[in-house]
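Below is one structure, written out as structure tokens; the observations come after it.
Readers should treat all values here as calculations from the given coordinates under stated rules, not as data from a laboratory. Fair warning: this is a prediction, and the values are worked out from it, not measured in the lab. Virtual Cβ from ideal backbone geometry, glycine too; neighbours counted across all protein chains shown.
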Amino acid sequence: MILGDTIAAIATAPGRGGVAVIRVSGPEAFAVAGKVAGTIPAPGHFVFTAFSNPNTQTFKHPNPSSLLDTGLVLAFKSPHSYTGEDVVEFQCHGGTVTPRRILEACFAAGARLARRGEFTERAFLNGRLTYEQAEGVLDLIDAKTERAADAALEGLAGAGQKEIRRLYARALEISSTAEHALDVSEDELPADFVRTLKSQVSDLGNEISGEIKRLKAGKILREGALVVLAGAPNAGKSSLMNALLRENRAIVSDIPGTTRDFLEEWVDIEGWPVRLVDTAGLREEKAGGGGDVIEKEGIARARELMAKADLVLFLSASDNPNTSNIQTPKHPSVLSIHSKSDLGRGPGLNVSVKTGEGMEDLRSAIAAELAAKASAAGEESGGDRDVAELRRILSDLSGGEGESDLVLVANRVRSAAEALGELVGSTYSADLLDSLFSRFCVGK
């Protein structure tokens, strides 16, 4: 599918830099580039040349000066390009003005500005990338840790689709065995046939469950885990945040209540991308209300963040008399941390920012909690099409654990095979494609 128009965009991040790339793709890519560069190299090669405006009388370019810059031109012939179309890339000097002028020259020569993610969308429509690989491109661009980048590369290589294809093949194999059994007399079947068949279905369910866990881990790697520091005022939250970040980001003071709002930073914890949030210190509500309005709002926001968190780090300290008055949050994932262990030890993981005691154990504990959360059962918060469908398939298969009727077992595994086949079949709605490619930047 070669689309009718030719698109162009700056493919590198805006701002000051040594080199910028302007990408042109479409049936007139070579013609557009030829008007700007004056020459086009053979496909798969490059040439160093000058970039200039097309004929201003013909194209009415806003900048009538001739020379725009000098640099490299690379040409890729359809279908051997990123998009599957004819593609030309200009490599010019970076900055703000020069790349924009060359892009405007491409517009004057007949191209239009690409939409967000349109280059990758064209790669998908032209069969150069699967849907999963297109997601992998976005995940790789957004990756904040080595682990996230590795997971994105697996998706780009189609690892997840290969696994679902394997599950589909296995479901077909079991289903065909069951269908064949329905065509013969029960007397001809082995005595333990149904039991063996159910065991195979159970094994298939376990394999689907394993794939769900892998996909859920991928979600945390893509979006990051929200980890919230909570506890009484002066429990050492800001000091611990600075220690985890390995920089002085949060203000640290002996005065309780220094943090009135919340402070958020990204941090890599053993390969897991974490949104680490330092919140206002929690206090017990005073009878009759009153008190500091700003502090109360900070505490309300802290509680909201804890409710949304993937993991809560709840701090207590032996030198803090307010600690015993604050109850541990009711949250499915809480790590109890006794901070300032150099002043005295207590329940939970003992940590001291001053001596470094327990810091590596804390990092490992956070990573272990996130790994467990990635693998845990439970409903998804939305957006993961494959996970939702695999959950439905797994639920249907598990629903027949007590069944011994061959027809019912065969129907369940046939339904699972058909559903897995739909996942492999790669049919997508326009809304689904818009949802994915609108998350890309212009130029990718």
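Between Lys162 and Ala42, residue separation times 0.36 nm minus the direct Cα-Cα distance comes to 39.6 nm. With a ≥ b ≥ c taken as the square roots of the eigenvalues of the C-alpha gyration tensor of the stretch 103-185, please select rounded if a/c is under 1.5 and otherwise prolate if a/b is larger than b/c or oblate if it is not? Because a/c hits 1.5 or more and a/b fails to exceed b/c, the stretch 103-185 counts as oblate.
Of the trypsin sites (Lys or Arg not before Pro) in the stretch 9-58, the ones in a loop by DSSP (not H, G, I, E or B) with at most 12 other beta carbons within 10 Å are Arg16.
Between the amide H of Cys441 and those of Gly117, distances stay under 5 Å, these residues lying 5 or more places away or on another chain, with hydrogens modeled in the peptide plane. As an exercise, use a Förster radius of 41 Å and the Cβ-Cβ distance of Arg392 and Leu67 to find the FRET efficiency, rounded to the nearest 0.05. My answer for the efficiency is 0.10.
Among residues other than Leu172 with Cβ under 12 Å from its Cβ, the summed charge is +1 (Lys and Arg +1, Asp and Glu -1). Label separation (Glu360 vs Ser176): 5.3 nm, computed from points 7 Å beyond Cα along the C-beta direction. Here the label points at His93 and Ala372, each 7 Å from Cα along the C-beta direction, are separated by 5.8 nm in the simple model. If you take the square roots of the eigenvalues of the alpha-carbon gyration tensor of the stretch 61-130 and sort them as a ≥ b ≥ c, do you get rounded (a/c under 1.5), prolate (a/b over b/c) or oblate? It comes out prolate by the Cα gyration axes. The slack in the chain from Leu408 to Ala13, taken as 0.36 nm per residue of separation less the alpha-carbon distance, amounts to 136.5 nm. Do the alpha carbons of any pairs in Lys144/Lys296; Lys237/Lys308; Lys296/Lys354; Lys35/Lys77 sit beyond 24 Å of each other, and which pairs? Flagged as over cut-off: Lys144/Lys296; Lys296/Lys354. At an R0 of 22 angstrom, the distance between the Cβ atoms of Trp266 and Ile141 translates into a FRET efficiency of 0.90. In a fully extended conformation the segment linking Lys330 and Glu304 would gain 8.1 nm over its present Cα-Cα distance, using 0.36 nm per residue.
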